[in-house]
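Novice: First the structure, then my questions, so here it is.
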Amino acid sequence: MDAIVNKRIKQVLNGNQDAYTEIVDLYQARLYQVCYRMLGNKHEAEDITQEAFLRAFINLHSFDQKRKFSTWIFRIATNLCIDRIRKKKPDYHLDAQVPGTDGLDMYSQIAASEELPVEQLEKMEMQERIQYEISRLPDKYRSVIVLKYMEELPLQEISEILDLPLGTVKTRIHRGREALRKQMSQLPVTEVGGKR
Amino acid sequence: MMGACHENYIEFMHAYLDGDIQPEQEQELKNHLKSCEACQAHMHELSDVVAFMKSAQPVTAPPDLTANIMASLPKRNVTAGPQSWFRRYPIVTAAAVFLVFMSAMFFGNFSDDQQFAFTKADNIIVEGDTVIVPEGEVIQGDFMVRNGDIRVDGAIEGNLTVINGQILNEKEIGNNEPLASTAVVTGEIEEIDRVFDWLWFKIKSGYQGLEDWITGDEKSE
Ligand SMILES: [Zn+2]
């Protein structure tokens, strides 16, 4: 597949814009999926997917064809998603550590404050609940969890997409799983509708 | 809260879930889980989290996503412009062409349109009928050249429109030369060669921004 993609990229660089259609077709569904899971909103997911392909197109000449195109486009998209998530946050010092919270920063405090009452959680459908729990994760855990569990990507590829050392990716996945465990201890998964 | 002696086992649990645990550590973890209820519960909850995440159903992308993406790309094709415009809005376009032809303003401008002209900018050099954006110089905003050529050794952070002329260092694109070594234009590039395209361009741009132009004569004074 990489050979075909690289061939299309050369055609695009030679001025054949239509050759880009095939590249878009190959990756749009996966990219949209990641954006949707990161942002939790269909409209924004579409917006960012479109923006990612546009940026890739404009910067196609700088893409190193020895690497995987999917890694590159996922990287553009996850960066755009993280930017979007940060812009949505209120404008105070987000990275400031909150005293007495064992290293939690303001992001996780905001997420925690958006917690829904148990009665409301009980009424949620399984799929809705999954998205809700993802949306409560701090963004640095959210991206690794989405890439690992929604895209089922190997850790090495996640490390390339996010431009993080493999060890950092592992740590974030561990912390992400712990964060989800704590979030969900409020209402264990097995009680969610039994729709598994 | 679990004691520090269990922290190690929690590390092992995560390594186990990621499939990169050493066999002897796995054995150690299993032995510990047999005797420690707290760790057993922890392991159980983590496994639930994983099962929960894996039960997520794929989200379907909107059916017109590819088409929308392709439509959002900057267009480089000169002739595609007026043709697709006509195809989509035949009556509107015909009416607009008629109005423009009838307008004295158009005829008034048309003779001016034969002159070498370009968008005002301080950091450019003009040699004959060629505008040069020197290396290291960056033009902020859209730039237009009419009846002349342009060479972009620096960069244009905006759209570049060349009417009845060409981008001199653009021909390297399409050979094996990397695009980065040629004209750097962050916005759209549009080359308009024929009177008809120029007309279409005027309709499309609604005459906007053309007042800012200066002619080659003014610049060389
Ligand atoms: Zn234990």
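Please treat every number below as a calculation from the coordinates, not as lab data. Nothing here was measured: the structure is a model prediction, and the numbers come from that model. Cβ atoms come from the backbone with ideal geometry, glycine included; neighbour counts cover every protein chain shown.
Novice: Per residue of B:57-64, how many C-beta atoms from partner chains lie within 10 Å of its own C-beta, taken as a mean?
Specialist: 6
Novice: Take the Cβ-Cβ distance between B:Thr60 and B:Ile125 as r, set R0 to 51 Å, and report the resulting FRET efficiency rounded to the nearest 0.05.
Specialist: Working: r = 54 Å, r/R0 = 1.06.
Efficiency for this residue pair is about 0.40.
Novice: Which cross-chain or sequence-distant (5 or more) residues have an amide H under 5 Å from the amide H of B:Val162, H modelled 1.01 Å from N in plane?
Specialist: Those qualifying (amide H under 5 Å, at least 5 residues apart or on another chain) are B:Val145, B:Glu190, B:Glu191, B:Ile192.
Novice: OK, next. Could you work out the mean count of beta carbons from other protein chains within 10 Å of each residue's beta carbon in B:41-52?
Specialist: 5
Novice: Follow-up. Around A:Met124, which amide H atoms from residues at least 5 apart in sequence, or from another chain, sit under 5 Å from its own amide H, with H modelled in the peptide plane?
Specialist: none
Novice: On average, how much area does the Cα convex hull of the stretch B:4-54 cover when viewed from any direction, in nm²?
Specialist: On the way: hull surface 13.7 nm².
Reported value for the Cα convex hull: 3.4 nm².
Novice: Just to verify a number: FRET efficiency for A:Ser62 and A:Glu128, C-beta to C-beta distance, R0 = 56 Å, to 0.05?
Specialist: On the way: r = 40 Å, r/R0 = 0.71.
For R0 = 56 Å, the calculated efficiency reads 0.90.
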